[in-house]
1. Return the residue satisfying two criteria in turn: it lies in region 33-42 and is touching a helix residue (DSSP H, G or I) at 6+ places or on another chain (Cβ under 7 Å) and assigned to a helix (DSSP H, G or I), and of such residues it is nearest to Gly89 (Cα to Cα).
2. Among the candidates Ser134, Ser124, which residue alone is under 30 Å from Arg15 (Cα atoms) and hydroxyl-bearing (Ser, Thr, Tyr)?
3. Going through region 97-122 one residue at a time, which ones are within 21 Å of Leu137 (Cβ to Cβ) and assigned to a helix (DSSP H, G or I)?
4. Within region 77-135, can you find the residues that are at pLDDT below 85 and among the small types (Gly, Ala, Ser)?
5. Scan Leu14, Leu88 and give me the residue that is surrounded by 13 or more Cβ atoms within 10 Å (Cβ to Cβ) and outside any helix (DSSP H, G or I).
6. If a residue must be outside any helix (DSSP H, G or I) and closer than 19 Å to Leu14 by Cα, how many such residues does region 43-84 contain?
7. Within region 106-143, count every residue that is at positive phi and more than 27 Å from the chain's Cα centre (by Cα).
Amino acid sequence: MSSSPFLNFIRHELRLRGYSLKTEKSYLYWIKYFIRFHKLQHPQNMGAEEVRAFLAVEKNVAINTQKSALNALAFLYNKLLNQPLGDLGFQHAKQGLRLPIVLAANEIQNILGCMNERDHLIFSLLYGSGLRISECLRIRIQDINLDQGS
């Protein structure tokens, strides 16, 4: 199913519009899942009612999972098929506020003291710069300007 002309069209459009590879994979996953859920009907032959039925089944999943499914289908219908879904009457569950845990300076020193040199450098870079792990993994030597300190 992944090599169908329709899915290739979606992949092509996502890339043309500059969507990330993660978003591309997520949207394609949810669109395939939606098509399978409706027994391989083409999305052009379906609409808001089928989307509502699909999302109703997905209600007992994590909030971000639910949002991913909705975003993928909204992209498909609103941007690619030019069939706006309108108001689906779909309420997201509210995500609870999650406050970060702040470590004291001595706790950070204890953690750093238990690490080998390589891990110490990685952790210090993450903690000191605010980089995400995925950003840190992609960093290259030419990305660092030692003269400027950045």
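The values are calculated or read from the model by the stated rules, or taken from the named source; none is laboratory data. Predicted model only: the values in this text are computed from it and were never measured. Every residue, glycine as well, gets a Cβ built from its backbone with ideal geometry; the counts of neighbours run over all protein chains shown.
1. That would be Phe34.
2. Only one candidate qualifies: Ser134.
3. Ile111, Leu112, Glu117, Arg118, Asp119, His120, Leu121, Ile122
4. Gly86, Gly89, Ala93, Gly96
5. The unique qualifying residue is Leu88.
6. 4
7. 0
To keep it simple, each residue is scored yes or no on (1) surrounded by 13 or more Cβ atoms within 10 Å (Cβ to Cβ); (2) assigned by TED's automatic domain parsing to the domain that holds Glu13; (3) aromatic (Phe, Trp, Tyr).
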{"site": "Gly47", "(1), (2), (3)": "yes, yes, no"}
{"site": "Phe54", "(1), (2), (3)": "yes, yes, yes"}
{"site": "Asn64", "(1), (2), (3)": "no, yes, no"}
{"site": "Phe75", "(1), (2), (3)": "yes, yes, yes"}
{"site": "Gly113", "(1), (2), (3)": "no, no, no"}
{"site": "Ser129", "(1), (2), (3)": "no, no, no"}
{"site": "Ile139", "(1), (2), (3)": "yes, no, no"}
